[in-house]
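Enquirer: Have a look at this one before I ask anything.
The values are calculated or read from the model by the stated rules, or taken from the named source; none is laboratory data. Keep in mind that what you see is a predicted model, and the values were worked out from it rather than measured. FYI the Cβ positions are ideal-geometry reconstructions off the backbone, even for glycines, and counts take in every protein chain you see. Surface accessibility is based on the protein's heavy atoms, side chains included, excluding ligands, DNA and RNA. Shrake-Rupley method; radii C 1.70, N 1.55, O 1.52, S 1.80 Å.
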Amino acid sequence: QVQLVESGGGLVQPGGSLRLSCTASGSIASVYGMGWYRQAPGKQRELVAYISNVGRPIYADSVKGRFTVSRDNARNTLSLQMNSLKPEDTAVYYCNANNPTGVISWGQGTQVTVSS
């Protein structure tokens with residue numbers, strides 16, 4: 001099993017920044033790609049960013065140029081640097097872990113609120 005724990009969420013004003021972290025433990029040898037998703041109230045969960053086991057990232061169009069995803073394989077940590085935050089970024093953010101066949105684990109989520 002793989003366990004994922006997110007941290008770093010909070011309240012920030014529009015235009016501000018936050019950095020989210022996700023630490024993996026357990027059967028980490030089974031993890032290939034890792035991703036960040038978010039879910040706002042009344043909305044479906046959506047992909048924010050994904051990074052492969054060799055560090056290749058992809059981003060949702062809505063966050064390109066503002067968010068940066070990275071991973072430290074030696075420390076089993078996934079990060080999401082969020083800059084120029086907007087109210088529409090408000091959501092619960094979840095990290096996940098994947099193997100070549102699909103998702104194998106989800107974290108519990110961390111709340112990000114962007115408001116003045």
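Enquirer: Taking segment 92-116, which residues are outside any loop (DSSP other than H, G, I, E, B) and free of Cβ contacts under 8 Å to residues at least 24 places away in the same chain?
Expert: Scanning segment 92-116 gives 102, 103.
Enquirer: Of all residues being aliphatic (A, V, I, L, M) and more than 17 Å from residue 99 (Cα to Cα) in segment 18-46, which is farthest from the chain's Cα centre (by Cα)? Just the residue, please.
Expert: Narrowing segment 18-46 to residues aliphatic (A, V, I, L, M): 18, 20, 24, 28-29, 31, 34, 40.
Keeping just the survivors that are more than 17 Å from residue 99 (Cα to Cα) gives 18, 20, 40.
Working: 18: 12, 20: 7, 40: 14 Å.
Checking each candidate, the answer is 40.
Enquirer: Going by the structure shown, is residue 101 more than 21 Å from residue 15 (Cα to Cα) and polar (S, T, N, Q)?
Expert: yes
Enquirer: Something else now. Of the residues in segment 12-63, how many are open to solvent by 80 Å² or more (accessible area, probe 1.4 Å) and closer than 17 Å to residue 83 by Cα?
Expert: Number satisfying all stated conditions: 4.
Enquirer: Out of everything in segment 64-91 that is aliphatic (A, V, I, L, M) and part of a loop (DSSP other than H, G, I, E, B), what residue ends up being surrounded by the fewest Cβ atoms within 10 Å (Cβ to Cβ)? First the steps, then the outcome.
Expert: Step one: filter segment 64-91 for residues aliphatic (A, V, I, L, M), giving 69, 74, 78, 80, 82, 85, 91.
The next check asks that each one be part of a loop (DSSP other than H, G, I, E, B); those that pass are 74, 85.
Values: 74: 6, 85: 22.
Restricting to residues being aliphatic (A, V, I, L, M) and part of a loop (DSSP other than H, G, I, E, B), the top hit is 74.
Enquirer: Hey, another quick one. Could you check segment 66-91 and list, in sequence order, the residues that are of a type in the set (Gly, Ala, Ser), over 17 Å from residue 6 (Cβ atoms) and touching a residue at least 60 places away in the same chain (Cβ under 8 Å)? Can you show your working first?
Expert: Initially, segment 66-91 is screened for residues of a type in the set (Gly, Ala, Ser), giving 70, 74, 79, 84, 91.
Next, from what is left, pick out any that are over 17 Å from residue 6 (Cβ atoms): 74, 84.
Scanning segment 66-91 gives a single hit, 84.
Enquirer: Here is a follow-up. Of all residues in segment 104-116, which are loosely packed, with under 13 Cβ neighbours inside 10 Å and modelled with pLDDT of 95 or more? First the steps, then the outcome.
Expert: In the first step, residues of segment 104-116 are kept if they are loosely packed, with under 13 Cβ neighbours inside 10 Å; the result is 108, 111, 115-116.
Once the filter is applied, which keeps residues that are loosely packed, with under 13 Cβ neighbours inside 10 Å and modelled with pLDDT of 95 or more, segment 104-116 yields 108, 111, 115.
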